[in-house]
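One structure below.
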Amino acid sequence: MKKSAKAVIIDILLIAMMILPLTACIVLKILFSPAAEGITVTGAIIYFTIPMPIMDLPITESQVNSWAVILTILAICLFLTRRLNIKSVSKRQFLAELIVEKAENLVKSNMGERFMGFAPFIAAILGLSALSSLSSLLGLYPPTSDINIVAGWAILVFILITHYKLKGGLGNYLKGYTEPIAVFTPINIISEVATPVSMTFRHFGNVLSGSVISVLVAAALQGLTSLLLGWLPGLLGEIPFLQIGIPAVLSLYFDIFSGCLQAFIFAMLTMLYIANGFPEEAYEKRRLKKRRA
Amino acid sequence: MELAIGIILGCCALGAGIAMIAGIGPGIGEGYAVGQACEAIGRQPECKGSVTSTMLMGCAIAESTGIYALVIAILLIFVAPSFLVGVLQGAVA
């Protein structure tokens, strides 16, 4: 089967849509970042602020980067699902089927058949989080090392958890706080609030600690190099021989392994909390009562 | 004034250092978990995959107390000094 010219053009456009947002982010960062001396640890750059009635709304680097990541994921999804057919499965369709199958298997083994509808949501969280963390490989400020972005996701998940807990009726939900005895109520409320906080801090802390440690090690290696070679005359003393290779090993762990692991854990915890919070017996009882009435 | 700012900076650094003592707990816990996982794999090499993924999951959850301490330490180093100095200057002026 030969591709038509139109299909090729759309493919090229989609590939451009994958690459362009991240490139635009790099250009924006280069344009906006102030000339810094040496290596420093800074937060996200604020591009501009929108005046709002209560508080000004700053549009930061992490927000813009996360929008770019969202656009990239959208382009990848559109690219993979183009021209699906049953008879001749292309490589692209095979990859798309593999991703969908893996996500469905993950959800089925962790949440059960009832929550199969969660597979797209879980896959979306997994992909967004992993690609956000991996965007630090391009020299961007990873959106997951900004607490606001991760807190947004955690609050979304918290709302979902509460929604599924309320499926068994409000009385059942409130009664859950007095388990096992009424004295435990404050502790139960604290542990309920601690869920989104701990999810936020776990993801944010892991990614941020990686970048801080990378910067500290890079600064230390720079100092060590100038100490060892500084006495040599001219250009010979400026060879950064310790900075070659060693930071890459750290980046392999902190950026690739830790980023992907945290994405997986965030998705895993989402699944476990939602599936465990769902009161199955109370829900069935309530449904039976409704059907009788 | 300089003395007060110096005390603020020193105490922030000291507090960050003390906060990171919490790293001991997750270290011991994760080491124990990994040791047990190694033992399990040695006993039943065929379930290496599931043991490894469960172990990584458990390690990440055990790590959260350490991460709390890390967040506090990072706040104390990068955020608290400028905030506290601002409060002090506001109080003086």
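The values are calculated or read from the model by the stated rules, or taken from the named source; none is laboratory data. On a predicted model such as this, the values are computed, not experimentally measured, just so you know. In this analysis, Cβ positions are derived from the backbone assuming ideal geometry, glycine residues included, and neighbour counts consider all displayed protein chains. The area values use the complete protein model at the heavy-atom level, side chains included, leaving out ligands, DNA and RNA. Shrake-Rupley method; radii C 1.70, N 1.55, O 1.52, S 1.80 Å.
Scanning residues 5 or more positions from A:Thr60 or on other chains, those with amide H under 5 Å from its amide H are A:Tyr47, with H placed 1.01 Å from N in the peptide plane.
For peptide A:195-203, the mean count of partner chain Cβ atoms within 10 Å of a residue's Cβ comes to 3.
Listed peptides A:185-192, B:68-75 appear in the order B:68-75, A:185-192 once ranked by packing, highest mean of other Cβ atoms within 10 Å at the front. Phi-derived couplings, Karplus 6.51 cos²θ - 1.76 cosθ + 1.60 at θ = phi - 60°, listed residue by residue for segment A:18-23: 6, 8, 4, x, 5, 4 Hz, with x used for Gly and Pro.
Counting Cβ atoms of other protein chains within 10 Å of each residue's Cβ and taking the mean over peptide A:206-217 gives 2. The mean number of partner chain beta-carbon atoms within 10 angstrom of a residue's beta-carbon across peptide B:67-76 is 4. Looking at this model, which pairs from A:Lys91/A:Lys167; A:Lys175/A:Lys290; A:Lys102/A:Lys289 are more than 32 angstrom apart at the alpha-carbon? In this structure, A:Lys91/A:Lys167; A:Lys102/A:Lys289 exceed 32 Å between Cα atoms. Excluding ligands, DNA and RNA and using a 1.4 Å probe, chains B and A jointly bury around 1200 Å² of accessible surface, summed across both partners. Model label points for A:Leu137 and A:Asp56, set 7 angstrom from Cα along the Cα-to-Cβ axis, are 3.7 nm apart. Over chain A, dividing the summed -39,500 (n - 2.57) contributions of all DSSP H runs of at least 4 residues by the number of residues returns a 222 nm mean residue ellipticity of -22500 deg cm²/dmol. The protection proxy used here, the mean number of other Cβ atoms lying within 10 Å of each residue, ranks peptides B:8-16, A:67-75 as follows, highest first: A:67-75, B:8-16.
Note on the protein assembly as shown: with neighbouring protein chains present and a 1.4 Å probe, carbon and sulfur make up 73 percent of its accessible heavy-atom surface. Determine the shape class of segment A:156-217: with a ≥ b ≥ c the square roots of the Cα gyration tensor eigenvalues, call it rounded for a/c under 1.5, and otherwise prolate if a/b is greater than b/c, oblate otherwise. Verdict is oblate for segment A:156-217.
With the highest mean first, a sort of the peptides A:243-254, A:101-112, A:83-94, A:146-157 on other beta-carbon atoms found within 10 angstrom per residue produces A:146-157, A:101-112, A:243-254, A:83-94. Near A:Tyr164, once Lys and Arg are set to +1 and Asp and Glu to -1 for all other residues with Cβ below 12 Å from its Cβ, the sum equals +2. Kirkwood radius and radius of gyration were both taken over the C-alpha atoms of the protein assembly as shown, and their ratio Rg/Rh is 1.01. Tell me, Kirkwood radius of chain B from alpha-carbon pair distances, in Å? It works out to 15.9 Å.
With all protein chains present, calculate the accessible area of B:Met20 using a 1.4 Å probe and round the result to the nearest 10 Å². For B:Met20, solvent-accessible area is about 80 Å². Over segment A:49-122, all Cα pairs binned in 5 Å intervals from 0 give whole-percent P(r) values of 3, 13, 14, 13, 14, 14, 9, 7, 8, 3, 1, 0, listed from short to long. Segment A:264-293 and segment B:14-33 have Cα centres lying 36 Å from one another. When only Cα pairs below 8 angstrom with a gap of at least 6 residues are kept, chain A shows a relative contact order of 21 percent.
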